[in-house]
Amino acid sequence: MQTLSDFLRNSDTSTELQQLLITLADCGVEISALVRGGALAGVLGATESENVQGETQKKLDVIANDLIKDKLAAQPLVKALASEEEDYVVAGHADGQFLVSFDPLDGSSNIDINSLVGTIFSVLPAQDGVDGEAAFMQPGRNQVAACYMLYGPATVLALTTGNGTLMFSLDPSDNQYKLVDAKVTVPEQTAEFAINMSNQRFWQPAMQQYIHDLLLGKEGPRAKNFNMRWIAAMVGDVHRVLSRGGIFTYPQDTKNPAKPFKLRLMYEANPMALLVEQAGGIASTGYETILDIEPTEIHQRVAVILGSKQEVEHCLSYHK
């Protein structure tokens, strides 16, 4: 099987981007080992602090964040980094070519129950003369790479550099990522949806009606039965979409009027949107294409509807 290093070396990816992607992959190898160690490694449980999002941090959140920061700080190609766990942009090397945004441990509420978690990366080009948070204010369409590592029964890495989406699996015998799917394709149709149903009463009428019609099954306007899945980790739900199709959505709601959106544009929505689009799917907020959003701040949140092309288009028809 072809390793990630071999694949990149034989691709048209620039040498500099290859080096950065190998660094990101190495982060995943180390975090995977920590997740696998669990209670034996002393990484479970919560800290006494909150992150910038106002969420209680898990021990492994902090450990993964520090690990990635240290790895990227040692990488001269990184001009700056932005983490979901950090208040501000962290400066790197002044002459670096890339900006890296990341969610060190997506789905961290799953850690203590031994369920799926992952790491998400987004890579943007650095711009001459633009520093700090302003450097990251680029639409997701500008990403030169996006990837996630999913830590499950096997550790997998989904990657795109803008020329399709690929899937690798971590071989525990040598800690090398091996290519298992060179052309990930999301089926256009699906009968599977993922949404947090506990928020149903807070959704906008469009999403209320869309999910209502799905739940009516064969007897409803869709004339077919749908199954619901919910992992409570975006990385797991998106992996399922990439693996067998489906629609994943975390829509706008009124549960907390000050925070109508849940998912972060820079760390979650943009990289996942690129991976899904490059596999033939669609990613939208319900009203605009995620990758075309002009960000206004690094911790910006957005609504997300992504997955199988025909099903997402059907969902969007309710929002018109």
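Bear in mind these aren't lab numbers, they're just calculated from the coordinates by the rules spelled out. Please read all numbers here as calculations on a predicted model, not as lab measurements. Here the Cβ positions follow ideal geometry from the backbone for every residue, glycine too, while neighbour counts run over all protein chains shown.
Helix-only estimate, please: 222 nm mean residue ellipticity of the chain, summing -39500 (n - 2.57) across DSSP H runs of length 4 or more and dividing by its residues, to the nearest 500.
On the way: 8 runs with 88 residues, N = 320.
Mean residue ellipticity, 222 nm, calculated: -8500 deg cm²/dmol.
With a cut-off of 8 Å between alpha carbons and a minimum separation of six or more residues, what is the relative contact order of the range 192-317 in percent?
26 percent
How far apart, in nanometres, would the label points at N225 and N175 be if each is projected 7 angstrom from Cα along the Cα-to-Cβ direction?
4.7 nm
Between S317 and A74, what FRET efficiency comes out of the Förster formula 1/(1 + (r/R0)^6) with R0 = 41 Å and r the beta carbon distance, rounded to 0.05?
Result of the calculation: an efficiency of 0.25.
Take every Cα pair under 8 Å in the range 4-181 that's 6+ residues apart, average their separations, divide by the length, and report that relative contact order as a whole percent.
Value for the range 4-181: 15 percent.
On full extension of the chain, what length is gained from D95 through Q209, given 0.36 nm per residue of separation minus the C-alpha to C-alpha distance?
Computed gain between D95 and Q209 is 36.0 nm.
To the nearest 10 degrees, how steep is helix 234-244 against the longest Cα principal axis of the chain, on a 0 to 90 scale?
Approximately 70 degrees, to the nearest ten.
Looking at the range 135-207, which chymotrypsin sites (Phe, Trp or Tyr not before Pro) are DSSP coil and have at most 14 other C-beta atoms within 10 Å of their C-beta? Display every interim value, and only then the final one.
Details: sites: F136, Y148, Y151, F168, Y177, F193, F202, W203; in loops: F136.
Hits after loop and neighbour filter: nothing returned.
Taking every pair of alpha-carbon atoms in the chain, give the share separated by more than 36 Å as a whole percent.
14 percent
So, in nm, how far is label A258 from label Y88 when the simple model puts each one 7 Å beyond its Cα toward the Cβ?
2.2 nm
Only counting other Cβ atoms within 10 Å, I'd like T23, T185, T296, T165 sorted with the fewest neighbours first.
T296, T185, T23, T165
Multiplying the sequence separation of R244 and N10 by 0.36 nm and subtracting their Cα-Cα distance, what value in nm do you get?
81.5 nm
Listed highest first by mean packing, meaning other Cβ atoms within 10 Å per residue, what order do 209-221, 269-281 come in? Kindly include the intermediate steps, with their values, before the conclusion.
Numbers: 209-221: 15.1, 269-281: 26.5.
The most tightly packed comes first, giving 269-281, 209-221.
Can you tell me the orientation of helix 15-37 relative to the chain, as the angle in degrees between its alpha-carbon axis and the longest Cα principal axis, to the nearest 10?
For helix 15-37, the angle is close to 70 degrees.
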